[in-house]
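Beneath this line is the structure, given in structure tokens, with notes to follow.
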Amino acid sequence: MYYPMFYDPTYILVLIGVVLSMIASHNVQSTFEKYSHVQAFSGLTGAQAAKMILERNGINNVRVQGIAGNLTDNYVPSQKVLNLSQSTINSTSIAAIGVAAHECGHAIQDAKGYYPLVLTRTISPLCAIASKLSIPLIIFGFIISMTSLIQIGIIAFAVAISIQLLTLPVEFDASRRAVQTLAEYGMVNDNELNGIKAVLKAAALTYVAAAASSVLQLLRLVLLTQGRGRRRR
């Protein structure tokens, strides 16, 4: 099929991915903002909640510390460090407690040897290398008209984004552990737990949107390669 110069119908896949990511980002920001104004009856800060959860799970080798930014919270398994952002560490909101509990969920996964987390850590270096090589290989393949090089680049891109897909069960499980832990320890009441679930669901959807965007980009690269092959015949 012939398309006018500079017209690429597959670019719609990129736009869909961008829109999905924008919607997910707006949703998590607005949801966190909403519940950041709801104070927990316990009066616990994000840092206090995190330390309590870790202690009650027998995890004594994880350090809780602050990190710059908002919603930049993360757990670093290799360093045994739980980083809480400025919007979480000293806040007594249910949003802050939910986010802190989610990161503790990752620490609990690490302590228990949760396989999907172990797998993502294992393949992370390979995915990083594949990510750096994929696009240059694809671009160079198009420049020199070498289909095999383009295909290698696409395979590298698929390897690179595989970690995003593997991250999904890790994130969902961490949120499940967070909700379960907060309920078991009575750190929040039922109404607060519903708010925390909303925050964690919104956060999880950002990972879903990112993974979907990458898969759509992979599909676009495959379609472009197939289209190029048909034009050469």
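Scoring ALA68 on the criteria (1) surrounded by 14 or more Cβ atoms within 10 Å (Cβ to Cβ); (2) more than 28 Å from ASN189 (Cβ to Cβ); (3) small (Gly, Ala, Ser) leaves a single failure, condition (1). A single entry from THR88, THR92 fulfils the requirement of being modelled with pLDDT of 95 or more, over 21 Å from the mean Cα position of the chain (by Cα) and surrounded by 14 or more Cβ atoms within 10 Å (Cβ to Cβ): THR92.
I'm checking my understanding of the structure. Among residues of segment 154-179 that are out of contact with any Lys or Arg (no Cβ under 9 Å at 6 or more places or on another chain), touching a residue at least 60 places away in the same chain (Cβ under 8 Å) and not acidic (Asp, Glu), which one is farthest from ALA198 (Cα to Cα)? Looking at the filtered set, the residue picked out is ILE154. Would you confirm, using the coordinates I've provided, whether GLU192 is at pLDDT below 95 and under 29 Å from THR31 (Cβ atoms)? In short, no.
Every residue, every condition in (1) loosely packed, with under 15 Cβ neighbours inside 10 Å; (2) modelled with pLDDT of 90 or more; (3) assigned to a helix (DSSP H, G or I), yes or no:
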position: LEU182; (1), (2), (3): no, yes, yes
position: TYR207; (1), (2), (3): no, yes, yes
position: LEU221; (1), (2), (3): no, yes, yes
position: LEU224; (1), (2), (3): no, no, yes
position: ARG230; (1), (2), (3): yes, no, yes
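For every residue, the table says whether it meets (1) in a helix (DSSP H, G or I); (2) surrounded by fewer than 20 Cβ atoms within 10 Å (Cβ to Cβ); (3) touching a helix residue (DSSP H, G or I) at 6+ places or on another chain (Cβ under 8 Å).
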position	(1), (2), (3)
ALA111	yes, yes, no
PRO116	yes, yes, yes
LEU126	yes, yes, yes
LEU133	yes, yes, yes
SER148	yes, yes, yes
ALA156	yes, no, yes
THR167	yes, yes, yes
PHE172	yes, yes, yes
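In segment 218-232, the residues that are closer than 16 Å to MET146 by Cβ and among the charged types (D, E, K, R) form no Cβ pair under 7 Å with any partner that is exposed (fewer than 14 other Cβ atoms within 10 Å of the Cβ) and modelled with pLDDT under 65, whether six or more places apart or across chains.
Which of the residues spanning segment 58-115 are over 28 Å from ASN194 (Cβ atoms) and basic (Lys, Arg)? Hits for segment 58-115 are ARG63, LYS80.
The values are calculated or read from the model by the stated rules, or taken from the named source; none is laboratory data. Just so it is clear, the structure is predicted and the values come from calculations on it, not from any experiment. Note: ideal-geometry Cβ built from the backbone for every residue, glycine included; neighbour counts use all protein chains shown.
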